[in-house]
Every structure is written in structure tokens, then in C-alpha cells.
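What follows is a set of notes on a single structure, which appears directly below.
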Amino acid sequence: MTTRENDRASRRTPSPSVAYSEATSGRRGEGRFDPVGDIDTLVEIATRFHIRGDTQERIASEFGVHGSTVSRALRRARAVGIVRIEIVRPPRLADALAEQLAEVFPISRALVVEQDPYDIRALGTSAAALVQSMVVDGMRIGLSWGSSLYHTVRALRVGSVRTIHASQLCGGFPFAMPGTNARDLIEILIGGCQHATAHYLPAPLIVGSASLREALETDATISACLQEARHSDLALVGIGALDDELALVMYGLLTKNEQKRLRAKGVVGETCARFFDLHGREVADEIASRSMGVTLSDLAAIPSVVAIAAGTRKVAAIHGACLTGVVDTLITDAATARGLLQLALQTGEPPRGSPGLGRGRALVGDRG
């Protein structure tokens with residue numbers, strides 16, 4: 001090739017430094033980089049766009065690149081498997097059942113999902129959609145524990161909310177399946193938030209004696225955590241039935257003798273390790289004096305308490321929980337909702353002393 005031909009070729013083909021001059025412009029003073037070719041940068045850009053809700057223009061401005069470069073980076077993130085798209089058909093909502101629950105029980109509203117009663121993942125997806133609409137910037141959120149809550153929190157997308165304050169409503173299990181403890185749920189919840197504070201309660205759910213509980217509650221750290229939990233704007237709780245599948249029983253916090261004693265007293269279920277009977281009356285027991293966490297009275301003072309529970313084995317427990325005056329919103333499945341209405345008819349006892357009786361509202365949505 002002649003010298004003249006070389007000169008022409010060089011003018012036609014930009015040098016690598018010119019071709020990537022835009023993509024390798026300085027990122028906040030950190031030097032030259034290629035956002036499309038760097039895996040860590042692709043992850044960060046994808047997280048900002050898909051999880052936190054930042055616009056491509058804002059991302060481009062912060063990285064010091066053109067908007068088209070961010071668009072290429074997002075396409076690359078999908079191509080290499082960093083971003084995966086899942087299309088989930090929303091479960092059908094049983095509006096009529098939800099309306100009946102809100103009329104029969106002293107709760108503010110109900111969401112009933114037409115699904116397999118044992119498909120708690122689908123329930124969590126529906127619950128997350130509702131909870132997501134309730135979360136606002138700066139909100140204080142309290143969490144208990146449970147598999148339904150786990151699937152709810154996993155499905156939540158709070159990236160558009162800048163600040164969240166998350167608290168444990170009660171102590172933890174010494175050992176349990178991943179995701180069961182409130183601490184695990186808090187970490188999942190705040191993981192996609194830009195700014196978050198976590199208030200962990202460094203204590204067991206049930207301790208050895210009432211005197212030990214009292215001593216622990218005088219500790220400055222534990223006292224501050226409990227106070228933060230009591231001041232939650234929104235509480236997400238599960239409901240447990242007093243059977244052998246209850247987490248307290250499965251993980252050894254409640255002995256068989258204690259379970260038998262509670263049954264003899266009429267206990268049908270619990271929330272946050274606070275026990276109640278079929279009619280929503282709290283049942284006094286020495287276990288309550290050893291429980292670390294918020295009380296039913298504390299929960300009743302929280303502006304919004306969302307209970308997520310499903311399964312026909314929990315019908316009596318959910319019935320009792322809805323009559324405690326604690327639950328504002330109930331999220332459950334259709335089979336459980338029918339069981340609740342049938343049990344309420346059988347007991348013949350009207351919901352006791354609630355100003356919201358008959359004024360509840362169902363969450364009516366698309367039937368998919």
C-alpha cells in the first residue's frame with residue numbers, strides 16, 4: 001500500500017482512542033473507563049435504571065457520558081445476562097370475597113387472591129403490589145417474620161423511594177431457614193433503596209425469664225430499637241396457627257407442653273409471639289412475659305398494619321387476628337377467605353367494639 005493509500009485509510013478508520021473517546025470520558029474524576037465493557041459498571045448502571053428508577057439522562061450525567069452510551073450499556077447488560085426480564089401474569093382478585101371480609105370483620109380493607117392456597121409466592125407478589133403503593137419516602141416500616149412476608153418483601157420494588165427506616169418488630173430465632181427472621185427481611189427490603197436505616201433488635205424472640213426480658217429492655221440499644229419499632233408508620237406481619245407447623249414450635253422456642261397449655265387456654269394463633277383466641281381476645285400466659293418485641297397494644301397504635309397469611313389450616317388463627325383490633329389490611333387467598341366467612345357465620349359473634357365495623361373497603365382490582 002502506498003503512502004497516499006495509508007493516509008486515506010487512516011482518515012477512514014478512526015483510531016481506537018477516538019472511537020472510544022465518548023465511552024471512556026472521565027467518570028466523576030476517576031479517569032477513563034468503558035461502561036459497556038466493564039462488568040461492574042454495567043451492574044451499577046442496570047441497578048440504577050431498573051431498581052432505583054433513575055432516568056438514563058441522570059445516569060449519563062453522573063457518569064459523564066452521552067445518553068446513547070447508557071442505552072448501549074443497558075442493552076449489553078441484558079445480552080450478557082446481568083438483567084433478566086420475567087413476565088408474570090398478575091393473579092386474579094376475588095373482589096366479592098374481599099368486600100365481604102371488609103364488611104364482616106373490623107378491618108379497613110382486604111385483598112383476596114384467586115390462587116392455590118399453598119402458593120405463597122403468588123400471594124407475596126400480590127401483597128407486594130399493594131404494599132408498594134403504600135410506601136412513601138421517609139416511611140418507617142416494621143417487620144415481623146414468616147414465609148409469606150419473605151415472598152412479599154422479595155417481590156417489593158422500592159427503588160423509587162429514596163429513604164426507608166426499617167425495624168424489627170420482635171426478636172429473632174436462634175436458628176431458622178434463611179428469610180424467616182425479620183433481620184433477613186430487613187436486609188432484602190433495604191437492599192434496593194438508595195438511603196436506608198436498619199434497626200435490628202439484638203435479642204431472641206423468647207428469652208428464659210421475665211426478669212431477663214426486663215433487664216434486656218433496659219439496655220440502651222434494645223430500648224432504642226423497640227421504640228423505633230413502636231413508631232412505625234407501616235407494619236408488615238404474619239399470622240401463625242398454633243399447630244406443629246408454627247415456626248415457634250418448629251424451631252424450639254415453644255415446647256410441646258407449652259403448646260398444649262396454650263391450646264387448653266383457647267389460643268388459636270399468634271402474631272409477633274402474642275397469643276389470642278378465636279374471638280380476638282389476648283390470652284395471658286407467662287410466655288408473653290418472656291417475649292421480646294412489640295405487644296398487641298403497640299401494634300394497634302401503628303397507623304397501618306398489613307397482615308399477610310393464607311392456607312385453610314390458618315382460618316381460625318386469621319379469624320382471631322382480625323378480631324384483635326390490630327389488623328388494618330388482610331391479604332389472603334380465596335379458599336381461606338371462604339373459610340373465614342363460614343367460620344364467622346358459625347360463631348355468630350359480631351366483631352367486637354370496632355368503630356370500623358361495616359365500613360371496611362375491599363381492594364378491587366383487575367381480574368386479569
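For the reader, a short list of remarks on this structure follows.
- Within segment 49-82, if we keep just the residues that are loosely packed, with under 14 Cβ neighbours inside 10 Å and among the β-branched types (Val, Ile, Thr), the residue that is farthest from Gly191 (Cα to Cα) turns out to be Val80.
- Residue that is modelled with the lowest pLDDT, among those in segment 140-151 that are within 17 Å of Val305 (Cα to Cα) and touching a Ser or Thr at 6+ places or on another chain (Cβ under 8 Å): Gly146
- Between Glu114, Glu103, the distinction of being surrounded by fewer than 24 Cβ atoms within 10 Å (Cβ to Cβ), among the acidic types (Asp, Glu) and either closer than 14 Å to Leu236 by Cα or modelled with pLDDT of 90 or more (or both) belongs to Glu103 only.
- With respect to the conditions (1) within 28 Å of Ser223 (Cβ to Cβ); (2) surrounded by 17 or more Cβ atoms within 10 Å (Cβ to Cβ); (3) in contact (Cβ under 8 Å) with a residue 60 or more places away in the chain; (4) out of contact with any Leu (no Cβ under 7 Å at 6 or more places or on another chain), Ile190 falls short on a single one, namely (3).
- The residues of segment 157-170 that are out of contact with any Ser or Thr (no Cβ under 9 Å at 6 or more places or on another chain) and buried (at least 24 other Cβ atoms within 10 Å of the Cβ) amount to a single one, Val158.
The values are calculated or read from the model by the stated rules, or taken from the named source; none is laboratory data. Quick caveat, the model's predicted, so the values are computed rather than measured. Virtual Cβ from ideal backbone geometry, glycine too; neighbours counted across all protein chains shown.
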